[in-house]
Amino acid sequence: MANARKLRILVAKPGLDGHDRGARVVARAFRDAGFEVVYTGCHQTPEQIVSTAIQEDVDLIGLSILSGAHRYSFPRVIELLKENNAEDISVIGGGIFPMEDIPRLKEAGIKEIFEPGAKLGEIIEWVGTNISPRMDADESGSARVSG
Amino acid sequence: MDIIQQIVSGDVRTIARILRDIDDELPSSRSVLQRLYPHTGKAHVIGFTGSPGVGKSTLVDQIAGFYRKESKTVGILAVDPTSPFTGGAILGDRIRMQRHFLDPGVFIRSLATRGQFGGLSKSTNDMVNVLDAAGKDVILVETVGVGQDEVEIANSAHTTVLVTIPGMGDDIQAIKAGIMEIGNIFVVNKADREGSRKTVRELMNLIEINSRRRNGDDWEPQIVETEAMKGRGIDKLYETIEKHRTFLQATGSEKWREVVEKRTKIQLMGALRDEAFKAVLERIEARGDSIDELVRRIVDRELDPYTAVEQIVDKGLR
Ligand SMILES: Nc1nc2c(ncn2[C@@H]2O[C@H](COP(=O)(O)OP(=O)(O)OP(=O)(O)O)[C@@H](O)[C@H]2O)c(=O)[nH]1
Ligand SMILES: [Mg+2]
């Protein structure tokens, strides 16, 4: 009768602007889809985001941004995950981006980018198909070897 | 390195992962807990409980700051309710704790109640044990509400802080009705609001009434007024918590031992209850029956609940 693994997602908002309505809406949608959402509010640095993601053992980080700080903060989150042997945690982004930035962000390791027009259902569906809760029980410390 | 050594040496990733395994009830987590247990028993466990929004997270954040000033390491477990409709949850307590995110001396973990059969208190106790074995000097456990589950969690702490705010008559009623005994320290937070003195007086009266039931050498519950957001009164709260610990640990005093035995008993009983109940449910399912089916037959008067229980327990436990 053991519980099934629950998907855990960190919704974080890097950058300086203080509007987190978008992030809250997404967090609520994730909850309504049955996920556990760790929500940390505005003004998060990449260091804070990665530290939280590791302590909370999330499967996915959803970054929300309006202020254009994505060029620095998104790749930096990926870099820090690698430094901490935590690249098995996936990262997606949502917000307003110049079109030409999107390929570069994906190249940096962001799994998917959702623009303001994206429907919540679309995001949930993407998460449902592409992200699954970590399964290995005993293996720890080191990153998963994907085969 | 062996997983136990990794946890005991404080490896963050390993700790985070075992906490998840416990939460998800992976059978493998049990053997880790078994082997960790000899490393536990050193931390001071402090429970913060109270109604939604009274300022528990803000207080926990502030108190953690005081312990960090003393170079003590801190583990924080923050429990939020699960949505009864979807099973999902938004865990938002961290919003108030941001300044500790980059401090390696503070480990924060949010968890959802996922509530069934008192499972919350069991997994919380197990998680406390992990953080204890990982060498955290102080473990702060935040739980929402004043229900039975929260009382049980509070009961498993060494020091329990009940948080309320001015003008919460329902809280006072709940305290009166039964959770009085579990509070070692009562906090009236948001003391900037009107009616703070009145709430303090009401609590004083309750403590007074209750004091007749206390022995002479028992701890006298303390009341502290705070404004957590502005950091006011936190020094007093910190001192009071430490006073309670000193009271429990005073040389020649049996109090610490008493509290630890009480915690251990609650945990053991809880674990037994969970396991026994699980075993019974499994047997019911194994014979192709289900709780819902039993309910149907009882409602249709094909069966009475007394016989049902007798039959299940007979078949389930022998
Ligand atoms: N006026 C006033 N507001 C406060 C005080 N302390 C906290 N708050 C505010 O109360 C709100 C709730 O604070 P939290 O610390 O999140 O309360 P909580 O009890 O952890 O809330 P839940 O975890 O949701 O049950 C926040 O907006 C705080 O800023 C205080 O001393 N005075
Ligand atoms: Mg809280």
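The values are calculated or read from the model by the stated rules, or taken from the named source; none is laboratory data. Here the structure is a predicted model, which means the values were calculated and not measured. Please note: Cβ atoms are built from the backbone with ideal geometry, for glycine as well, and neighbour counts cover all protein chains shown. Side chains are part of the model used for accessible areas, which takes the heavy atoms of the whole protein and leaves out ligands, DNA and RNA. Shrake-Rupley method; radii C 1.70, N 1.55, O 1.52, S 1.80 Å.
For the range B:44-95, chymotrypsin sites (Phe, Trp or Tyr not before Pro) are listed when DSSP marks them as loop and at most 15 other Cβ atoms sit within 10 Å of their Cβ; the list is B:Phe85. Of all DSSP beta bridges confined to chain B, the antiparallel ones make up roughly 5%. Distance distribution note for the range B:259-317: the fraction of Cα pairs above 15 angstrom is 58%.
Where does the Debye-calculated log10 I(q)/I(0) of the range A:8-135 sit at q = 0.11, 0.12, 0.14, 0.20 Å⁻¹, using only Cα point scatterers of equal weight, no solvent? So the normalised log intensities are -0.31, -0.38, -0.52, -1.18. If you look at the Cα atoms of chain B, you get an Rg and a Dmax of 21.2, 66 Å. In this structure A:Met135 has an accessible area near 120 Å², from a 1.4 Å probe over the protein heavy atoms. For the peptide B:18-26, the mean number of other protein chain Cβ atoms found within 10 angstrom of a residue's Cβ is 6. Please give the helix B:12-23 orientation as an angle from the longest Cα principal axis of chain B, in degrees from 0 to 90, rounded to the nearest 10. With rounding to tens, the tilt is 50 degrees. When the helices of chain B are scored as -39500 (n - 2.57) per DSSP H run of n ≥ 4 and the total is divided over every residue, the value at 222 nm lands at -15500 deg cm²/dmol. Averaging Cα coordinates gives a centre for the range A:62-81 and one for the range B:34-108; these two points are 27 Å apart. Loop-located GluC sites (Glu not before Pro) in the range A:60-111 (DSSP state other than H, G, I, E, B) with a sparse environment of at most 14 neighbouring Cβ atoms within 10 Å: A:Glu100. Note on the range B:205-318: semi-axes of the ellipsoid equivalent to its C-alpha gyration tensor, largest first and rounded to whole Å, are 48, 19, 16.
Surface calculation, 1.4 Å probe, protein heavy atoms: B:Val200 sits at approximately 10 Å² accessible. Summed over all non-identical Cα pairs, the Kirkwood treatment of the protein assembly as shown gives a radius of 23.9 Å.
Working note: Debye formula, equal point scatterers on the alpha-carbon atoms of the range B:1-110, no solvent; log10 I(q)/I(0) at q = 0.11, 0.14, 0.19 Å⁻¹ is -0.42, -0.69, -1.18.
Using a 1.4 angstrom probe on protein heavy atoms only, the contact between B and A buries about 3700 square angstrom of accessible area, both sides summed. For chain A, the per residue solvent-accessible surface stands at 46 Å², with DNA, RNA and ligands left out and a 1.4 Å probe. Take chain B and mark each of the GluC sites (Glu not before Pro) that is in a DSSP loop with at most 11 other Cβ atoms within 10 Å; the longest unmarked stretch, sites excluded, is B:71-193.
Rounded to the nearest 10 degrees, the inclination of helix B:196-211 to the longest alpha-carbon principal axis of chain B is 60 degrees. Note that chain B presents 48 Å² accessible area per residue, ligands and nucleic acids not counted, probe 1.4 Å.
With a 1.4 Å probe and all protein chains left in place, how much of the accessible area of the protein assembly as shown comes from carbon and sulfur atoms, in whole percent? Its accessible area is 53 percent carbon and sulfur atoms.
Nearest 5 is fine: what % of DSSP beta bridges in the range A:8-147 come out antiparallel, could you say? Of those bridges, close to 0 percent are antiparallel. Among the trypsin sites (Lys or Arg not before Pro) in the range B:49-100, none sits in a DSSP loop with a Cβ that has at most 11 other Cβ atoms within 10 Å. Applying 1/(1 + (r/R0)^6) with r as the Cβ-Cβ distance of B:Glu293 and B:Ser83 and R0 = 41 angstrom yields a FRET efficiency of 0.90. Taking Cα atoms only, the orientation of helix B:234-249 departs from the longest principal axis of chain B by about 60 degrees.
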